[in-house]
Amino acid sequence: MTYSTSSQTQTQTQTLDAAARAILKTNDRGGYTVPNGRVYPFQWNWDSAFVALGFADFDRDRAWVEIETLFEAQWDDGFLPHIVFWKDDSGYFPGASVWDAHKNPATSGITQPPVAASVIRWLWDSGPKSAREAERMAALYPKVLKWHRWFARHRDPEGRGLVVATHPWETGRDNSPEWDYPASGVDISAVGSYERRDTSHLDAQMRPTKLDYDRYLAIVQFGRDHDWDHDVIARTGPFRVADVGMTMILLRANRDLLALAKILGRSKDYAEIEASIEKTRAGIDWLWNDEVEAFCSRDLISGRSSAMITSASFLSFYAGVGTEKQNQSLIAHLDRISSKIDKMLPSLDPDHEAFDAMRYWRGPCWAVVTFLVARGLLDEGQSEWAERLRLDTAALIRDTGFYEAFCPVSGRGTGGDLFSWTAAMWLFWAGKA
């Protein structure tokens, strides 16, 4: 299947291209882009990485600046925070004072899925390969390597080669049902009262519940009480989950980092990066659940698998792992899921009892994860499935607009509108025939 070449379709595509560019320009705060002006007024880690791909469609300098600005907030030990509070905004909760994590610039104390290395490689591969872009890539390379080393030191306490998330927000899939059981033991007795701002802008039925937020804040308090010592947090924190999504994304990012190292001739780093790749490949089957026949996250505290098929389960294609039998099982899941809903890829298996088509990461489709899964499927020779995911995402955007996420049943938008990373995905991927 491909897009029609009719003049009407071309005109519609051009209109959407212009609208997507306008969203990125409107949400641009001078060096960084906010996800949505009303709800998310700061710079988010993996949002900015995806946004850079959108800017590359019409302003390559601005694309590089987005990544460069993000890494200006990197801590001395290599940690890259999930939020950078470049400016004060009292309308957002929890703000910099709640985190009390870093002073200049103020940041949160947790990270997010490490897509930066992959985005930098895509920027390089899609661009003119000029001397200036080579200089920018070379300047970013050691910073990304330092971040990946931080993951190896502070997010793999058992040495399995897997990424251990210490907060649901760290995964990027904030309220996925995968976190319900691991977070159930979090002590929320000292959280106290607070006022959420997200539900004043958005329908509460689409957002994480108050119980979710109580747990989120309790985990933040634990990190703050331990001065954001990430080694202590990863070994003793109240929430410790080997996240299938972050693990697969880091594995792919390490492959892309190795490619960058070879482009730049950083031969002294080859063995280290290759060892990280092999360690994860060797440990990845700990996340495979034979009962549901999919890769699932696993709680480190109890050792229990989530036994849930989420959109992140299919990132194994993106990471380039999985036996032939495992891949066949995952393709069979895609076939089954697509027979249950109208648009792919929902964030949770619609056959699961926790599926909620409109509530954040408990069912809706997210263009960024769908893009990563589609990219992996294409790399692994599943071109028909890759195109199906692209066309479904394009249809959701064409029919509904640039929402944060989309209902896989009705196609209705959910979360914030005029959303930066959805606009970026249209420009870089979904809107491309």
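Accessible area per residue was computed with a 1.4 Å probe on protein heavy atoms; Glu170 scores about 0 Å². When the chain is treated as a Gaussian network with alpha carbon springs shorter than 10 Å, the biggest mean-square fluctuation among Pro142, Pro157, Pro114 belongs to Pro142. Taken along its principal axes, the alpha carbon cloud of region 54-211 reaches lengths of 56, 40, 30 Å, longest axis first. Quick one: if you take sqrt(5λ) for each eigenvalue of the C-alpha gyration tensor of the chain, what semi-axes come out, biggest first, whole angstrom? In descending order, the three semi-axes are 28, 25, 24 Å.
Ordering Met308, Met344 by accessible surface, largest first, gives Met308, Met344; the 1.4 Å probe counts only protein heavy atoms, with every chain in place. Considering only Gly411, Gly109, Gly185, the mean-square fluctuation computed in a Gaussian network model of the chain, springs between alpha carbons under 10 angstrom, is largest for Gly185. Take the Cα of Thr209, step 7 Å toward its Cβ, do the same at Ala307, and the gap between the two points is 2.0 nm.
For the chain, the carbon plus sulfur part of the accessible surface works out to 47%, probe radius 1.4 Å. In the full protein context, region 39-391 carries 36 Å² of accessible surface per residue, based on a 1.4 Å probe and ignoring ligands, DNA and RNA.
Ordered by solvent-accessible area of protein heavy atoms (1.4 Å probe), largest first, the residues His352, His230 come out as His352, His230.
A straight chain from Ala19 to Arg132 at 0.36 nm per residue would run longer than the Cα-Cα distance by 37.8 nm. Subtracting the Cα-Cα distance of Gln12 and Asp89 from their residue separation scaled by 0.36 nm leaves 24.1 nm.
Working out 0.36 nm times the residue gap between Ser383 and Ser267, then minus their Cα-Cα distance, what length gain in nm do you get to one decimal? Full extension of this stretch gives 38.4 nm more.
Using +1 at the C-beta of Lys and Arg and -1 at the C-beta of Asp and Glu, which of Cys407, Trp64, Pro364 has the Cα lying farthest in the positive direction of the dipole of the chain? With unit charges placed on the Cβ atoms, the residue in question is Trp64. Computed over the chain with a Gaussian network model linking Cα atoms closer than 10 Å, the most mobile of Asn36, Asn289, Asn104 is Asn104. Rg/Rh for region 283-433 (Cα atoms only, Rh after Kirkwood) is 0.96.
For the chain, what is the calculated [θ] at 222 nm in deg cm²/dmol (nearest 500), taking -39500 (n - 2.57) for each run of four or more DSSP H residues and dividing by its residue count?
-15000 deg cm²/dmol
Counting only Cα atoms, region 243-354 measures 49, 34, 23 Å along its principal axes, largest extent leading.
The values are calculated or read from the model by the stated rules, or taken from the named source; none is laboratory data. This one's a predicted model, so the numbers in the text were calculated from it and none came from an experiment. Counting neighbours? That spans all protein chains shown, and the Cβs are built from the backbone with ideal geometry, glycine included. The area values use the complete protein model at the heavy-atom level, side chains included, leaving out ligands, DNA and RNA. Shrake-Rupley method; radii C 1.70, N 1.55, O 1.52, S 1.80 Å.
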